[in-house]
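The values are calculated or read from the model by the stated rules, or taken from the named source; none is laboratory data. Quick caveat: nothing in here was measured; it's all calculated off a predicted structure. A quick note on method: Cβ atoms are made from the backbone with ideal geometry, for glycine too, and the neighbour counts reach across all protein chains shown.
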Amino acid sequence: MQYAAYKGLALLVLMLFLFTGCAPMVAGTAGVSGYKAATDERSIGKLIDDSVIAGKIKTKLIGDEFVKARHIDVDVLKGVVYLIGVTESVSQKRMAADIARGVEGVRRVENQLVVGKTSVGQMVDDSVLTSRIKAELIKAENVRSGNVDVDTVNNVVTLTGIVSSMDEKSRILNIVRRVAGNKTIVDNLQVTP
């Protein structure tokens, strides 16, 4: 009986934060902000599980003195962790993946971190490109843009999210190719009818 009450309360609190735009603060990760409970193909339970996993990973990355977590985005879909961003060394890249693997509920880690540095100018260019892509996805018909997280790091555009059909995925990829031009695109989109 108490479990059901706590579960209902947790669901209510989550919905309040999601619908008021505070999800990133609660989950502790920027990647969660791209997903909306109202249109996400995952169940509320899976959405919460993924958010908790992402928050735990980000917290552990921030707490690690060796891994510089400020340039690492953590996205989680159905227990699969996507690490996106830049590390200063191969050792930091490996350590970030090891930290993610150590979190309960993680099924697999896709380590898409690149080793290198990012200049302020490059970060601005990446941010502008990400904004342009997001704006085009919002304008597009038959695309649930809230289900797609767009990250751009050193001219590499990474798409992570859940879409309802191959047609929607194709529309999204065509839009991103048109806007991004000759930039590399990493497709982490999952189709879940």
Unmet criterion (only one of (1) at pLDDT below 95; (2) within 16 Å of Asn188 (Cα to Cα)) for Ser51: (2)
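Specify which of the listed residues (Ile133, Ile48, Ile99) is buried (at least 16 other Cβ atoms within 10 Å of the Cβ), within 22 Å of Gly181 (Cα to Cα) and touching a Leu at 6+ places or on another chain (Cβ under 9 Å). Walk me through how you get there before you give the answer.
Details: Ile48 fails: within 22 Å of Gly181 (Cα to Cα); Ile99 fails: within 22 Å of Gly181 (Cα to Cα).
Exactly one of Ile133, Ile48, Ile99 is buried (at least 16 other Cβ atoms within 10 Å of the Cβ), within 22 Å of Gly181 (Cα to Cα) and touching a Leu at 6+ places or on another chain (Cβ under 9 Å), namely Ile133.
Answer with yes or no whether Asp98 is free of Cβ contacts under 8 Å to residues at least 60 places away in the same chain, assigned to a helix (DSSP H, G or I) and over 25 Å from Gly55 (Cβ atoms). Give the derivation first.
Details: free of Cβ contacts under 8 Å to residues at least 60 places away in the same chain: yes; assigned to a helix (DSSP H, G or I): yes; over 25 Å from Gly55 (Cβ atoms): no.
Considered against the rule, which asks whether it is free of Cβ contacts under 8 Å to residues at least 60 places away in the same chain, assigned to a helix (DSSP H, G or I) and over 25 Å from Gly55 (Cβ atoms), Asp98 comes out as no.
Output the residues belonging to region 157-193 that are among the β-branched types (Val, Ile, Thr) and farther than 22 Å from Arg108 by Cα.
Taking region 157-193 and keeping what is among the β-branched types (Val, Ile, Thr), we get 157-158, 160, 162-163, 172, 175-176, 179, 184-186, 191-192.
Those that are among the β-branched types (Val, Ile, Thr) and farther than 22 Å from Arg108 by Cα: Ile172, Ile175, Val176, Val179, Thr184.
Here's the yes/no breakdown for (1) loosely packed, with under 15 Cβ neighbours inside 10 Å; (2) closer than 18 Å to Gly161 by Cβ; (3) among the aromatic types (Phe, Trp, Tyr); (4) modelled with pLDDT of 80 or more:
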| residue | (1), (2), (3), (4) |
| --- | --- |
| Tyr3 | yes, no, yes, no |
| Val26 | no, no, no, no |
| Tyr35 | no, yes, yes, no |
| Arg70 | yes, no, no, yes |
| Val74 | no, yes, no, yes |
Quick one: in region 139-189, which of the residues that are out of contact with any helix residue (DSSP H, G or I) (no Cβ under 9 Å at 6 or more places or on another chain), of a type in the set (S, T, N, Q) and surrounded by 14 or more Cβ atoms within 10 Å (Cβ to Cβ) is nearest to Val80 (Cα to Cα)? Asn188
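A quick yes/no check of all residues on (1) more than 15 Å from the chain's Cα centre (by Cα); (2) under 14 Å from Asn154 (Cβ atoms):
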position	(1), (2)
Lys78	no, no
Leu83	no, no
Leu113	no, yes
Val120	yes, yes
Met123	yes, yes
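Could you tell me whether any residue of region 110-121 is basic (Lys, Arg) and surrounded by fewer than 17 Cβ atoms within 10 Å (Cβ to Cβ)?
Here is the first cut: in region 110-121, the residues basic (Lys, Arg) are 117.
Then drop every residue that is not surrounded by fewer than 17 Cβ atoms within 10 Å (Cβ to Cβ), which leaves 117.
Yes - at least one qualifying residue is present in region 110-121.
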Can you work out which of the residues in region 137-148 that are out of contact with any Leu (no Cβ under 7 Å at 6 or more places or on another chain) and in contact (Cβ under 8 Å) with a residue 40 or more places away in the chain is nearest to Arg108 (Cα to Cα)? Asn147
